[in-house]
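The values are calculated or read from the model by the stated rules, or taken from the named source; none is laboratory data. All figures in this text were calculated on a predicted structure; none of them were measured in a lab. Methodologically, a virtual Cβ is constructed for each residue, glycine included, from the backbone with ideal geometry; neighbour enumeration extends over all protein chains shown.
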Amino acid sequence: MALTKKEKDFLLRLARMSIDYFFSSKTLLKLKEQELPSKDLTEKKGCFVTLTIDSALRGCIGHLLPVQELYKDIIENAINAGFYDPRFPKLTANELETTKIEISVLDIPAELSYKSEKELLDKLNKNKPGVIIKKGYYQATFLPQVWEELPNAKLFLSELCLKAGLSKDEWKNNINIEVYNVEKFKEE
């Protein structure tokens with residue numbers, strides 16, 4: 001799905017309005033489908049909402065797989081990023097003024113097949129996709145944007161393993177890896 005500029009602008013405003021609404025109501029913002037600029041926003045898509053203040057992460061929550069209509073997922077994930085990301089305290093109304101919002105709409109993840117460590121690293125370094133690692137009950141993901149901070153596939157995978165609660169070299173042990181692309185857009 002390629003979103004139009006109008007749809008992207010609407011979704012960014014929706015995320016901000018959802019957080020603002022939550023401050024006073026402590027409930028999720030409700031919209032009627034006829035209030036949407038396009039029927040495309042009712043398609044079920046996975047998405048993440050990322051909050052930053054002065055370019056530093058302040059919250060990031062989302063769904064890897066489609067669980068509900070995109071506009072509803074934006075509302076829910078904006079609230080969760082602002083108030084329920086366990087890595088951060090709840091967002092304050094004062095912080096919202098300086099918070100920037102970024103939205104990532106995900107493709108369906110696909111298993112990445114590889115026969116060797118070198119092939120895995122080559123594929124990841126070439127395409128720089130979003131990556132999900134899974135081993136037993138352990139799972140973690142990094143959005144494609146994380147490549148900007150961790151541009152080397154070995155380091156990227158090691159940090160992702162640590163995020164999942166695994167040893168940093170667990171990616172070398174035939175771990176399940178899925179990849180995905182995103183359509184990302186943010187407030188300027």
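For the subset of region 1-11 comprising residues that are touching a helix residue (DSSP H, G or I) at 6+ places or on another chain (Cβ under 9 Å) and of a type outside the set (Val, Ile, Thr), which member is surrounded by the fewest Cβ atoms within 10 Å (Cβ to Cβ)?
Among residues in region 1-11 that are touching a helix residue (DSSP H, G or I) at 6+ places or on another chain (Cβ under 9 Å) and of a type outside the set (Val, Ile, Thr), the one surrounded by the fewest Cβ atoms within 10 Å (Cβ to Cβ) is Met1.
Identify the single condition in (1) part of a loop (DSSP other than H, G, I, E, B); (2) modelled with pLDDT of 95 or more that Gly82 does not satisfy, given that it satisfies every other one.
Status for Gly82: all satisfied but (1).
Could you run through region 16-54 and say how many residues are among the small types (Gly, Ala, Ser), touching a residue at least 24 places away in the same chain (Cβ under 8 Å) and surrounded by fewer than 14 Cβ atoms within 10 Å (Cβ to Cβ)?
1
How many residues, within region 97-154, are of a type in the set (Phe, Trp, Tyr) and either in a strand (DSSP E or B) or touching a Ser or Thr at 6+ places or on another chain (Cβ under 8 Å) (or both)?
Here the count works out to 2.
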